[in-house]
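The values are calculated or read from the model by the stated rules, or taken from the named source; none is laboratory data. Model, not experiment: these values are computed from the prediction. Because the Cβ atoms are built from the backbone with ideal geometry, glycine has one as well, and the counts that use them run over all protein chains shown. Surface areas here come from the heavy atoms of the whole protein model, side chains and all, with no ligands, DNA or RNA. Shrake-Rupley method; radii C 1.70, N 1.55, O 1.52, S 1.80 Å.
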Amino acid sequence: MKVLVCGKGGSGKSTVAALLAKSMAQRGYNVLVVDSDESNYGLHRQLGMELPPTLMDHFGGKRGVKEKMGRRSPGGESPGFFDGRWTMDEIPAGATTEKEGIRLLAIGKIHDFGEGCACPMGVLAKRFLDNLSVGEKDMVIVDTEAGIEHFGRGVEAGCDAILAVLDPSFESILLSKKIAEISEKINKPLYFVLNRVDDERKAAMLESLDGTRVAAAIPETKEIFRAGLAGEEFQMKVEEVERLADLLVG
Ligand SMILES: Nc1ncnc2c1ncn2[C@@H]1O[C@H](COP(=O)(O)OP(=O)(O)OP(=O)(O)O)[C@@H](O)[C@H]1O
Ligand SMILES: [Mg+2]
């Protein structure tokens, strides 16, 4: 299964991706976390890992990727990054780091002033996910950049389900409607993960949200806050994330 995690800036996308990855690994899944957020540098720390060399580096950096974007695959239908489909085992080991049953792959990162836009990274993320074959015990969790640009790039096409992380804010509510609209159009199951909520906040959000989509409601906790602020690995187990994992594997 390939699951994409999205939502507004700071809603808790990376937190949910990291916690879910840990839960899935503990259940014996072969987990790949795909960091497709080119601007942020936090996810690998939440997983207790070093940032690996990016997939973009593997393909010769931005220049290499741009060159390949111009090429056609044997069928002629898409830019030819890949000679054939990849299984999880065929992902180049040099482009990932691994810890306790979780592998992390970063698509690409913005490093410098004036280096150009992130479009080649978006194309690479889409092609990589489209090209990746997964088995029953494989779980791919894609952490995205804030907002909905990835929908515009079509990254969701290669995914089986979408998780929208919604914090208690007007912006998240608005975004949830847009994401629901797009998910329906592309026919992908969509679940809402409410974050930083207690019963009162959850009830208030449900006044404006489609409650049937809510798969988890994660409370604001000191453990997550402290680890997040310190850039430390998430060691905590979160009941609502376990519920989310049950639902996904069920
Ligand atoms: N339920 C929670 N309880 C306490 N702190 C939380 C919770 N969820 C997220 N945080 C903290 O909020 C901060 C932002 O979370 P996170 O990085 O996951 O958001 P994001 O949506 O990935 O942000 P960005 O849009 O910048 O990628 C982190 O420091 C994280 O530890
Ligand atoms: Mg993030």
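Looking only at segment 137-173, which residues are in contact with a His (Cβ under 9 Å, 6 or more places away or on another chain) and in a loop (DSSP other than H, G, I, E, B)? The answer is THR144, and nothing else. Taken over segment 7-17, the criterion of being hydrophobic (A, V, I, L, M, F, W, C) and either over 12 Å from LEU194 (Cα atoms) or part of a loop (DSSP other than H, G, I, E, B) (or both) is satisfied by ALA17 alone. Which residue out of GLY147, GLY114 is modelled with pLDDT under 95, within 16 Å of ligand 1 (Cβ to nearest atom) and more than 18 Å from THR96 (Cα to Cα)? On inspection, the qualifying residue turns out to be GLY147.
Of the residues in segment 106-126, how many are within 12 Å of SER36 (Cα to Cα) and either in contact with a Pro (Cβ under 8 Å, 6 or more places away or on another chain) or open to solvent by 50 Å² or more (accessible area, probe 1.4 Å) (or both)?
Counting residues in segment 106-126 that are within 12 Å of SER36 (Cα to Cα) and either in contact with a Pro (Cβ under 8 Å, 6 or more places away or on another chain) or open to solvent by 50 Å² or more (accessible area, probe 1.4 Å) (or both) gives 5.
Within segment 2-43, the only residue that satisfies the criterion of being within 13 Å of ligand 1 (Cβ to nearest atom), crowded, with 24+ Cβ neighbours inside 10 Å and basic (Lys, Arg) is LYS13.
Close Cβ contacts (under 7 Å, 6 or more residues apart or on different chains) running from residues in segment 28-50 that are under 20 Å from ARG153 (Cβ atoms) to residues that are of a type in the set (Val, Ile, Thr) and within 11 Å of ligand 2 (Cβ to nearest atom) comprise SER36/THR144; ASP37/THR144. Filtered by the rule that a residue be over 12 Å from the mean Cα position of the chain (by Cα) and open to solvent by less than 10 Å² (accessible area, probe 1.4 Å), segment 145-174 gives LEU166, SER172.
Being more than 22 Å from LEU20 (Cα to Cα), surrounded by 21 or more Cβ atoms within 10 Å (Cβ to Cβ) and within 16 Å of the chain's Cα centre (by Cα) is not true of ARG103.
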